[in-house]
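See below for the structure under consideration.
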Amino acid sequence: SATTSSPGAKVLTPLPTAKLMAAMFRELPEEVRLLDPGAGVGSLATAWVAEACSRSKRPRRAAITAFEIDSALLPLLRRNLEACVAHAEASGVACTFEIRHEDFLETASVAVAPDLFRQDRLAFNAAILNPPQVWQASGHLANFSDPLVDCTSCKNRFRLDKLDEPDTCPNCGA
């Protein structure tokens with residue numbers, strides 16, 4: 001259960017929760033760029049595709065970007081997303097997916113502030129993710145640390161652990 005999991009353990013979203021969360025999406029745009037930042041085996045994305053395809057007003061296209069760090073889950077995630085594509089296409093929705101074998105919080109922390117949903121650089125227009133209790137139970141929140149550095153000259157943000165010279169901006173040299 002979510003309350004008895006050890007830190008770092010993968011906590012998968014129960015199907016009723018996934019369906020409930022997928023049903024919370026209101027009217028869908030014609031083109032959906034869906035972010036699933038902790039995909040696991042794809043329960044949330046699968047529920048979202050099923051929900052979107054069951055509606056009378058479906059999107060024309062859906063592109064799913066699924067982040068998952070657990071290598072053991074990747075084959076099942078791929079199979080589930082392939083099934084999503086088949087189901088979507090059978091329902092008249094063009095669908096693609098990309099699996100990123102990376103930690104979303106680590107990879108996107110720089111991009112998230114402030115650009116993730118910015119209109120002129122819209123990477124995603126929808127996101128489906130686990131409720132906070134699942135993130136907490138998995139130990140991800142307690143173990144996450146990602147020090148960031150802001151350049152006061154060019155206003156870019158960088159992960160401190162990725163900088164060769166912590167006191168020099170890699171973008172503008174300041």
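The values are calculated or read from the model by the stated rules, or taken from the named source; none is laboratory data. Remember, it's a predicted structure, so these values are computed and weren't measured experimentally. Neighbour counts are summed over all protein chains in view; Cβ atoms, including those assigned to glycine, are modelled from backbone coordinates with ideal geometry. Heads up: the accessible areas ignore ligands, DNA and RNA and are worked out on the full protein's heavy atoms, side chains in. Shrake-Rupley method; radii C 1.70, N 1.55, O 1.52, S 1.80 Å.
So who's got an amide H within less than 5 Å of the one on Phe97, skipping anything under 5 residues away but keeping other chains? H placed 1.01 Å off N, in plane.
Distant-sequence amide H within range of Phe97: Ile64.
Rounded to the nearest 10 Å², what accessible area does Lys155 have for a 1.4 Å probe in the complete protein model?
150 Å²
Given a 1.4 angstrom probe, I'd like the percentage of the accessible area of region 37-81 that is carbon and sulfur, rounded to a whole number.
55 percent
Does a label point 7 Å from the Cα of His101, set along Cα-to-beta-carbon, have any residues of region 56-72 with amide nitrogen under 15 Å, and which are they?
66-72
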